[in-house]
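This report refers to the structure that appears directly beneath it.
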Amino acid sequence: MEFNFIENLPFLLALLILIACYLAIRSFFKKIGNYTESSGKSAHHLEEIKEEIKILNSKISSLEQQINNNNNKS
């Protein structure tokens, strides 16, 4: 059985188009995945920074109270 290129041309073109569509869709979702991953990391990092700020603010207020108590005793 011979492979007749001209008779199979529509099938081959359809196959190439499907492969191109698959690669385009795959790269599109890969870009979306990278974007959401980086934005998720940023959001998590911001939450960590907010927690650190809360801890530091509470330490500052406790130190201010200690300074005020020491100034009142003197």
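The values are calculated or read from the model by the stated rules, or taken from the named source; none is laboratory data. Predicted model only: the values in this text are computed from it and were never measured. We place every Cβ from the backbone using ideal geometry, glycine too, and count neighbours over all the protein chains shown. Ligands, DNA and RNA are excluded from the accessible area calculation, which covers all protein heavy atoms including side chains. Shrake-Rupley method; radii C 1.70, N 1.55, O 1.52, S 1.80 Å.
Considering only segment 39-56, state which residues are of a type outside the set (A, V, I, L, M, F, W, C) and open to solvent by 80 Å² or more (accessible area, probe 1.4 Å).
Within segment 39-56, the subset of a type outside the set (A, V, I, L, M, F, W, C) is 39-42, 44-45, 47-48, 50-52, 54.
The answer is LYS41, HIS44, HIS45, GLU47, GLU48, LYS50, GLU51, GLU52, LYS54.
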Which condition number in (1) surrounded by 10 or more Cβ atoms within 10 Å (Cβ to Cβ); (2) outside any helix (DSSP H, G or I); (3) among the polar types (S, T, N, Q) is the one that THR36 fails? (2)
